[in-house]
Amino acid sequence: EVISGDKIETEEAEDWKDQTSILHHTKLATFVEDEMQTCVTVCNEPISLLDVSSSNVDTRHSAVIAFATFHSSSLPSAGRRFLTTLKSSDHSSDTLDPTKSPWAPENVIEQEKRGINKSRFRQHVNPLARKFQMQTEINEEWPNDGTFKTPSLPLHVDIGCGKGGFLLELAKHRIDNPPSPEEKRNYLGLEIRPSVAQFAKGRLGRRGLLGMVDFIGCNANVDLDRILTKYRKYGSVVTISIQFPDPHFKKAHQKRRVVTQELVQTMAKHMPEGGTVFIQSDVKDVLDNMRETIREYGKEYFDDTIDNLNEYLEINPIGVPTEREISVLNEGLPVYRTVFVRNCRTISG
């Protein structure tokens, strides 16, 4: 048994478990975890290849733990740390309901029972992981289920809303500075990290913003079309903001970035003429990549308000900064921004 790796954090063990795959079906079974680049190799032992090759991730996970535990005395220190990490993250389908998404309330509760630190949420997840390809649970009557006092109001969607601070401040700003009737909005935040989405939703009552703001835990590249289709039965989707998304710096991870061809086409499908898409980041390459993706796949439907790709908006047009934006600007660093406007062309088919 050879287990090699550098620093291993407990929170990463779940990703290892989700992404584990069998690369060989002989006595050599290799597991590769993408995020940590940690390799676990099982050599020349008559362990149950049926268990190791099982399509059930819990069975595979348990098989590796059992084998490594039996040989733990011969493991290097990094291997023993990794084994401890695996054991601490081990869970079975008896506690998590595999028929429901990771955002289902009962699954979020079970994840918290496994020791998630509520004061320190994970900064990164792999949106391409199998569990994040599931559709989220949404009430059949949403948004006309009491979520919004007036579901016919135009909607502002913030993709990757984090703990919801931006939308909460924006909604409060609108309350303190009442807009004209035609400028009134409902606000919806989408967040892929289950515990973070639940935390954001829990802030609504404390802020007195129930009925005006909602948060949904989901993968936007899986659920955005379904969510916007539901909302458009009652109101329009006039603004979409994508602010400081996970940069996924590694070249191999850039396919995980949130702005994809499918996302652009979904936004074009549901937004009316004059609708706006606001994007910003403190990483120039990330903003440029989002911008080029919208220009390429939405060129028939969205117009960049700035023609020159080397120019950016100096001022946030919404007027309410995110926490990340405040932090970056306080350090004297630049923020790159632009706005796209939906034109009058309709999507055929």
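The values are calculated or read from the model by the stated rules, or taken from the named source; none is laboratory data. What you see is a predicted model, and the numbers here were worked out from it, not measured in a lab. A quick note on method: Cβ atoms are made from the backbone with ideal geometry, for glycine too, and the neighbour counts reach across all protein chains shown. Accessible surface areas use protein heavy atoms only, side chains included; no ligands, DNA or RNA. Shrake-Rupley method; radii C 1.70, N 1.55, O 1.52, S 1.80 Å.
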- Note on the structure: Within the stretch 303-328, residues out of contact with any strand residue (DSSP E or B) (no Cβ under 6 Å at 6 or more places or on another chain), of a type in the set (A, V, I, L, M, F, W, C) and over 19 Å from Gly162 (Cα atoms) come out as Leu309, Ile315
- Item | Evaluation of Gly235 against (1) open to solvent by less than 20 Å² (accessible area, probe 1.4 Å); (2) of a type outside the set (Ser, Thr, Tyr); (3) touching a helix residue (DSSP H, G or I) at 6+ places or on another chain (Cβ under 8 Å) (one fails), failing number | (3)
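Would you pick out the residues in the stretch 191-210 that are within 17 Å of Pro151 (Cβ to Cβ) and open to solvent by less than 10 Å² (accessible area, probe 1.4 Å)? Outline the logic, then answer.
Step one: list which residues in the stretch 191-210 are within 17 Å of Pro151 (Cβ to Cβ), which gives 204, 209-210.
Listed by number, the residues that qualify are Leu204, Leu209.
This table checks each residue for (1) at pLDDT 95 or above; (2) open to solvent by 20 Å² or more (accessible area, probe 1.4 Å); (3) at negative phi.
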| residue | (1), (2), (3) |
| --- | --- |
| Glu141 | yes, yes, yes |
| Ser152 | yes, yes, yes |
| Ile159 | yes, no, yes |
| Gly164 | yes, no, no |
| Leu168 | yes, no, yes |
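Give the residue, chosen from Glu300, Glu262, that is surrounded by fewer than 17 Cβ atoms within 10 Å (Cβ to Cβ), more than 16 Å from the chain's Cα centre (by Cα) and more than 21 Å from Lys163 (Cα to Cα). Working first, answer last.
On the way: Glu262 fails: more than 16 Å from the chain's Cα centre (by Cα).
Being surrounded by fewer than 17 Cβ atoms within 10 Å (Cβ to Cβ), more than 16 Å from the chain's Cα centre (by Cα) and more than 21 Å from Lys163 (Cα to Cα) holds for just one of Glu300, Glu262, which is Glu300.
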- Query: Is it true that some residue in the stretch 240-250 is open to solvent by less than 20 Å² (accessible area, probe 1.4 Å) and within 28 Å of Glu106 (Cα to Cα)?
  - Reply: no
- Of those in the stretch 251-277 that are in contact with a strand residue (DSSP E or B) (Cβ under 7 Å, 6 or more places away or on another chain) and assigned to a loop (DSSP other than H, G, I, E, B), the residue nearest to Leu128 (Cα to Cα) is Val258
- Query: Going through the stretch 316-349 one residue at a time, which ones are touching a residue at least 12 places away in the same chain (Cβ under 8 Å) and among the β-branched types (Val, Ile, Thr)?
  - Reply: Ile318, Val320, Thr322, Val328, Val335, Thr338, Val339, Val341, Ile347
- Residue in the stretch 309-322 that is closer than 30 Å to Ser348 by Cβ, of a type in the set (Gly, Ala, Ser), in a loop (DSSP other than H, G, I, E, B) and open to solvent by 20 Å² or more (accessible area, probe 1.4 Å) present: no
- Item | Number of the exception - Asp288 against (1) part of a loop (DSSP other than H, G, I, E, B); (2) without any contact (Cβ under 8 Å) to a residue 60 or more places away in the chain; (3) touching a strand residue (DSSP E or B) at 6+ places or on another chain (Cβ under 9 Å); (4) surrounded by fewer than 17 Cβ atoms within 10 Å (Cβ to Cβ) | (1)
- Thr293 polar (S, T, N, Q), crowded, with 16+ Cβ neighbours inside 10 Å and out of contact with any strand residue (DSSP E or B) (no Cβ under 9 Å at 6 or more places or on another chain): yes
- Identify the single condition in (1) under 21 Å from Trp103 (Cβ atoms); (2) out of contact with any Asp or Glu (no Cβ under 9 Å at 6 or more places or on another chain); (3) open to solvent by 60 Å² or more (accessible area, probe 1.4 Å) that Gln135 does not satisfy, given that it satisfies every other one. (2)
